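See below for the structure under consideration.
Bear in mind these aren't lab numbers, they're just calculated from the coordinates by the rules spelled out. Keep in mind the model is a prediction, meaning the values are calculated, not measured. Virtual Cβ from ideal backbone geometry, glycine too; neighbours counted across all protein chains shown.
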2 protein chains.
Amino acid sequence: MARSAANSDAFNAVAEPRRREILNYLVMQERSVSEIVEAMELEQPSISKHLKVLKGVGLVAARRDGRQMLYKVNPMAIRPLHDWTSTFERLWKDQLLRIKQRAEGNNATKE
Amino acid sequence: MARSAANSDAFNAVAEPRRREILNYLVMQERSVSEIVEAMELEQPSISKHLKVLKGVGLVAARRDGRQMLYKVNPMAIRPLHDWTSTFERLWKDQLLRIKQRAEGNNATKE
DNA sequence: TTGACATATTCCTATATGGGAATATATTGA
DNA sequence: TCAATATATTCCCATATAGGAATATGTCAA
């Protein structure tokens, strides 16, 4: 079996670095395809293909404005990723706390 | 060019659903490979391969205990994912707020 | 040393890319 | 209708899987 398709879910879609770059760029505001092409060093067809994947999983929304297509982030689609990573938040906070406590202990007792 | 390797970074590693399942399972506590195999419906070699990828990007750590290998999550490695998704948090909160305000507006003015 | 248990690795194959090149489609203005 | 602009799609290929099967490696107990 091959890897799951990039357009199967948001996790797969954002695995591709260029697609994360596009999302980062769209955080600021809605942009046309040509603006995205200019901002990134990548051919227009590649950008369009990445946008198709992002749209396929709902990470961006598009609307036509004359000859242009304007894309914007759909932030809600990122929440599942955020929520999933948050389930580990307690763990890394505990880990940081232990590291800090150990450091303080070392200073005090020179153990 | 093909897709970037699964062991290139945490984003690619967690794109695979089975690997997320493994991480979810390891949130509770450290586990041996056979425990993971039992918990998931997947052959042992596949589990070992997934664990290798996860270890490769630092998402899990392993230690030997007799014949067993015990794996645990390294939560710090998930922080980059969390941080990246957090950059969109303001956006979806604004979006939720607008939705809420619109709903309230409708109730009040029946617009 | 040997047998058994626990994991890891190798080999194989179907599948899904991601980007470049070429081409198709959509929309506007004359 | 036609040319020009803006995007999208198709074709092609090198690459990287993910899982199954078979096998290798590591560790302990007798």
Being of a type in the set (D, E, K, R) and either assigned to a helix (DSSP H, G or I) or near DNA strand C (Cβ under 8 Å from one of its atoms) (or both) narrows it down to one of B:41, B:21, so name that one. B:21
Regarding residue A:51, is this residue closer than 21 Å to residue B:13 by Cα, in contact with a strand residue (DSSP E or B) (Cβ under 8 Å, 6 or more places away or on another chain) and more than 9 Å from chain B (Cβ to nearest Cβ)? no
Going by the conditions given, is residue B:78 more than 8 Å from DNA strand C (Cβ to nearest atom), in a helix (DSSP H, G or I) and either within 18 Å of the chain's Cα centre (by Cα) or not β-branched (Val, Ile, Thr) (or both)? yes
Output the qualifying pairs, or none if there are none: Cβ atoms under 6 angstrom, residues six or more apart or on different chains, first residue in the range B:3-32 and polar (S, T, N, Q), second residue in a helix (DSSP H, G or I). B:4/B:12; B:7/B:53; B:7/B:56
Could you grab me the full set of residues in the range B:24-38 that are among the β-branched types (Val, Ile, Thr) and within 13 Å of DNA strand C (Cβ to nearest atom)? B:33, B:36, B:37
Identify, please: which residue in the range B:19-47 is loosely packed, with under 15 Cβ neighbours inside 10 Å and within 9 Å of DNA strand D (Cβ to nearest atom) and is, among those, nearest to the other protein chains (Cβ to nearest Cβ)? B:46
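Okay, residues lined up against (1) farther than 22 Å from residue A:15 by Cβ; (2) surrounded by 14 or more Cβ atoms within 10 Å (Cβ to Cβ); (3) free of Cβ contacts under 8 Å to residues at least 60 places away in the same chain; (4) not aromatic (Phe, Trp, Tyr):
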| position | (1), (2), (3), (4) |
| --- | --- |
| B:69 | yes, yes, yes, yes |
| B:73 | no, yes, yes, yes |
| B:88 | no, yes, yes, no |
| B:96 | yes, no, yes, yes |
| B:99 | yes, no, yes, yes |
Selection within the range B:74-106 - among the basic types (Lys, Arg) and more than 10 Å from chain A (Cβ to nearest Cβ): B:98, B:100, B:102
Examine the range A:5-13 for a residue that is assigned to a loop (DSSP other than H, G, I, E, B), under 19 Å from residue B:91 (Cα atoms) and not hydroxyl-bearing (Ser, Thr, Tyr), and state whether such a residue exists. no
